[in-house]
Amino acid sequence: MNQDKTVIITGGTKGIGADIAKKFHQEGWYVMVTSRQNSDLVEELKDRICFQRMDVRNETDHANAVASAIQWTGQLDAYINCAGFSQWKPLSAIDEEFWDLMMDTNLKGTLWGCKASAPHLSGNKTIVNVSSLAGKRGSANNSAYCASKFGVNALTQALAKELGIQGIRVNAVCPVYVQTEGLITALQEGSAPPQGEQLPSFFEKFAKGNSALLRLPTGEEVANLCYFLSTQESSAITGQCINVDCGVMPQ
């Protein structure tokens with residue numbers, strides 16, 4: 001148990017972020033979850049967890065979260081950049097507003113989290129960025145999202161080199177489809193891969209046709225890797241963008 005350790009998880013109130021929060025909380029960490037809107041997660045877990053309102057696009061919100069966490073527990077040991085969203089659009093439908101929203105949320109939001117947390121993470125502490133398999137390969141109608149996640153992976157690799165001298169490890173996790181509320185909403189739009197197909201059938205066909213294990217990962221499995229990357233058991237691992245994909249893209 002790590003009862004004296006503190007983690008901040010952006011986008012930590014729902015979806016994969018909530019699964020990550022539950023894992024760290026289960027392991028005895030103090031957990032700060034941030035989002036634009038609160039959920040019932042804090043009430044559910046009760047002790048050693050708090051909520052901080054944040055729009056990840058705003059650098060000041062990250063700095064305020066770090067300051068609040070340190071005031072709360074006296075230290076910061078891991079920063080998990082999980083906030084983000086996915087949406088498919090063909091090139092012809094992408095406008096500046098959509099591009100800026102995607103980049104500001106997924107990429108700039110990750111950069112601000114790294115920048116705000118790094119001065120407080122020296123001494124074999126960690127940053128974990130929740131990226132995507134889309135950060136390693138392109139797909140149709142997904143250019144803006146892929147670009148943002150390729151950027152997250154590049155940021156991860158560059159900052160691992162830059163911050164390693166301070167003892168800070170920076171890694172990313174790259175899931176394939178994890179059936180969260182946000183993903184399901186995105187997949188129901190017309191430009192998304194299912195093309196109107198019922199989602200249970202789409203997920204089943206995708207898994208059987210692409211996954212070595214004939215299934216897709218769960219949020220809990222992503223959370224387990226995020227936790228491992230934040231512990232001493234992974235002390236030699238940095239600058240890596242690790243797939244959580246049940247073998248969809250072996251590397």
*How big is Rg to Rh over region 80-204, alpha-carbon atoms, Rh as the Kirkwood inverse-mean-distance radius?*
1.03
_In nm, spacing of pseudo-spin labels at Ala140 and Phe228 (7 Å Cα→C-beta vector)_ = 3.5 nm
*Over the chain, what is the mean sequence separation of C-alpha contacts under 8 Å (at least six apart), divided by residue count, expressed as relative contact order in percent?*
20 percent
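Using a Förster radius of 51 Å, what is the FRET efficiency between Ser92 and Asp40 based on their Cβ-Cβ separation? Nearest 0.05, please.
Working from the Cβ atoms, E equals 0.80.
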_Integer Hz, Karplus 6.51/-1.76/1.60 couplings in order for region 174-185, x for Gly and Pro_ = 10, x, 8, 3, 10, 7, 9, 4, x, 5, 4, 4
*If Lys and Arg each add +1 and Asp and Glu each add -1, what is the summed charge of the other residues whose beta carbon sits under 12 Å from the beta carbon of Phe150?*
+3
_Only Lys, Arg (+1) and Asp, Glu (-1) charged, at Cβ; the chain dipole about Cα centre in debye_ = 520 debye
*Per residue of the chain, what 222 nm ellipticity follows from adding -39500 (n - 2.57) for every DSSP H run with n ≥ 4, rounded to the nearest 500?*
-12000 deg cm²/dmol
*Just the number, please: carbon plus sulfur as a percent of the accessible area of the chain, 1.4 Å probe, no ligands or DNA/RNA counted.*
49 percent
_If DNA, RNA and ligands are ignored and the probe is 1.4 Å, what is the ranking of Lys5, Lys161, Lys22 by accessible area, most exposed first?_
Lys161, Lys22, Lys5
*Does anything in region 2-31 have its amide N under 16 Å from the 7 Å Cα→Cβ label point of Gln75, and if so which residues?*
2-8, 28-31
*Give the ranking of Ser39, Ser131 by solvent-accessible surface, highest area first, calculated with a 1.4 Å probe.*
Ser39, Ser131
*Under 11 Å from the Cβ of His62, count the other residues' Cβ atoms, weight Lys and Arg +1, Asp and Glu -1, and hand me the total.*
0
*asked:* Using only Cα atoms and rounding to the nearest 10 degrees, what angle (0 to 90) does helix 15-26 make with the longest principal axis of the chain?
replied: 30 degrees
*Using unit Cβ charges (K, R positive; D, E negative) and no other charged atoms, how large, in debye to the nearest 20, is the dipole of region 44-124 about its Cα centre?*
280 debye
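Find the Cα radius of gyration of the chain, compare it with 2.2 N^0.38 Å by division, and give the number to two decimals.
0.97
The values are calculated or read from the model by the stated rules, or taken from the named source; none is laboratory data. This one's a predicted model, so the numbers in the text were calculated from it and none came from an experiment. So basically every Cβ, Gly included, is an ideal-geometry build from the backbone, and we count neighbours across all protein chains shown. In case anyone asks, the SASA skips ligands and DNA or RNA and just uses the protein heavy atoms, side chains included. Shrake-Rupley method; radii C 1.70, N 1.55, O 1.52, S 1.80 Å.
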